[in-house]
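Read through the structure below, which is laid out as structure tokens, and then see the notes.
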Amino acid sequence: MKTRYSLLLAVVALIAIAGCVKLTEDPKANLTPQTYFKTQSDLDASVNAIYIAIARDGAWGFTSKETSYFGSDDLTTDPGLNKADFRDFDRLSGNSSNSSLTAEWDGPWQAIYQANNVIANYAKVNSTDALKNEAAGQAYFLRGLCYYYLVRTFGPLPMVLTNLDLNARPPRADVGTVYASIINDLQTAKSLLGTTPTQGRPTSYSASACLADVYLTMAGWPLNQASNYALAATEANIVIQAGAYNLSTPYDKVFTTNNCPESIFALEYSVVGGLPNRSFGSTNVPLDEVALDGSSGWDDVYPEINFFKNAPVCSRTDLTFYTTLKLIQPDKSFILTPWNSPVTHARHPYYKKFRAGLNGDGVNETDTQILSIQPSTNKETEIIRYPQVLLDYAEASDMAGGGPTAAGYVAINMVRARAGEAPLTPGLSQTAFRDSVVYERAYEFAGEFGMRWFDIVRLQLLPAVIAGRDPSENGIPAGTNAAQKYLAPIPFGEMTLNPKWTQNPGY
């Protein structure tokens, strides 16, 4: 582990955020985690530092946060240009030296170290128990969330739940141990957090929603513990019965506004505050689209052709995918061009829902022209949306018993209704209903942070995904062992620092 580097970063973050801290002549001798935590302002600043650690560019603030998830069918990238880091994983050929992979590793670990500081020291702060518990609850939630992304991405992990000696090199614990810690953190967060939704902050319902997804994942690969289906359904039902969230927001507006009624937990961003979200705007725009102000697209990410072609015929699909490019002409007019026209660069559809950012601070456009294309937006990144809870419940309740339940049908049909789809066929078998939920999730969350990839992993769907690829996609080398591609490699730098670790198979 990069313990020395990460602990130093955590202290630097505390200094940067807590403007009330006055440095003495020797700040290193005076500002430590043990001496810093005195007031509620200190505690609030240290909790904010957790969010910054994962939200920043170089962590979850850019498309690189999903580098190893490009093996999914809802993500692909340019066959050339400077996209090798994404393209390698799209071809199931990524390796531990991939420079973008570190965003998936470093950000969560830095957040975990900072959360450990909060958990170890919050009780000593001179404040009310309610405020201290709220801060601790956020730390437990974020630590559990970060471990959840790490274990699904990299498999066995070192368990770092306290502040470590600078020279410590803990071993990688098995996946079951990691999940037990995640559950403990999220259950603790449930007991400490309140129930009133607050923008950019988790509630006890956020913890239940995350737990539902954790249990659902544990029922699949690699643990395959079917008993967890019932636990997933129970946690999801807690959120459903609370009535705190709804699907009243039109689908496209979910991706152009912040803090909508289905947002259960999201990361907040501020361009003027030096924390931009670069997962919207330019990164999703075709290379051959140029705005009136001269700005242009980056061509980083778009869906595979057959993923798009297999989408349901509904209004959500129309709002998800961008299928007519606007190509500027010498006279500054624009020609509307179908995505599969031979004059386009990639000959792929793109994601419409990730273009605008917050009210157009990404791509500012009309139906016939593009005014500007910006990479940095104030749009929040949704980590947990209410449809995820509904679909988790539908699948879990189906698989926990002998087949789909009436409540499970209600849950999935709520999502389908907002999408403009007809109710799901009644009387489906257990497997057919599960597959219908997985299909629905693929398109409700198309292109969203790891959602499709994690379903592919837990259900071991890579052979089917590979078989369904259009021949024009980035080629997967012959002889690739798909069974070894469900986990990403541990970054090379980490393996160098921890020589007793064994790299994941296939790398």
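The values are calculated or read from the model by the stated rules, or taken from the named source; none is laboratory data. Treat the numbers as computed from the prediction; the structure is a model and nothing was measured. As a convention, Cβ positions derive from the backbone with ideal geometry for all residues, glycine included, and neighbour counts pool all protein chains shown. Surface areas here come from the heavy atoms of the whole protein model, side chains and all, with no ligands, DNA or RNA. Shrake-Rupley method; radii C 1.70, N 1.55, O 1.52, S 1.80 Å.
Between the Cα long axis of helix 386-400 and the first principal axis of the chain there is an angle of about 90°, rounded to the nearest 10.
Enumerate the amide H contacts of residue 371 below 5 Å, restricted to partners 5 or more residues apart or on another chain; note that Pro and chain-start residues carry no placed amide H. The answer is 292, 364, 365, 366. Highest-first packing order for the peptide set 207-216, 290-299 is 207-216, 290-299, based on the mean count of other beta carbon atoms within 10 Å. Calculated FRET efficiency, residue 162 to residue 93, Cβ-Cβ distance, R0 = 41 Å: about 0.60 to the nearest 0.05.
Pairwise Cα distances in segment 419-489 exceed 21 Å for 38 percent of all pairs. When a/c is below 1.5 the answer is rounded, else prolate if a/b is larger than b/c, else oblate, so apply that to segment 112-259 with a ≥ b ≥ c taken from the square roots of the Cα gyration tensor eigenvalues. It is oblate, given that a/c is not under 1.5 and a/b is not larger than b/c. Over all other residues within a Cβ to Cβ distance under 14 Å of residue 403, the charged ones net out to -2, with Lys and Arg as +1 and Asp and Glu as -1.
Taken per residue, the accessible surface of segment 320-476 reaches 37 Å², heavy atoms only and a 1.4 Å probe.
At q = 0.10 Å⁻¹, work out log10 I(q)/I(0) for segment 360-507 with the Debye formula, treating every Cα as an identical point scatterer and leaving solvent out; two decimals please. With no solvent term, the Cα-only Debye profile gives -0.57. Listed values (i) 23.8; (ii) 51.2; (iii) 30.0 include one computed from this model; for mean projected area of the Cα convex hull in nm² that value carries the label (i).
Could you tell me what percent of the accessible area of the chain is made up of carbon and sulfur, with a 1.4 Å probe and every protein chain present? Carbon with sulfur: 55 percent of the solvent-accessible area. What share of all Cα pairs of segment 293-441, in percent, falls into each consecutive 10 Å distance bin? Histogramming segment 293-441 at 10 Å steps yields 10, 31, 28, 19, 10, 2, 0 percent. With contacts taken as Cα pairs under 8 Å at a separation of at least 6 residues, the chain carries a relative contact order of 18 percent. Peptides 377-383, 96-102 ranked from most to least packed, by the mean per-residue count of other Cβ atoms within 10 Å: 377-383, 96-102. Taking the Cα centre of the chain as origin and assigning +1 to Lys and Arg Cβ atoms and -1 to Asp and Glu Cβ atoms, the resulting dipole is close to 800 debye. Per residue, segment 179-246 exposes 36 Å² of solvent-accessible protein surface, assessed with a 1.4 angstrom probe and all protein chains in place. Magnitude of the charge dipole for segment 297-388, about its Cα centre and with charges confined to Cβ atoms of Lys, Arg (+1) and Asp, Glu (-1), is about 200 debye.
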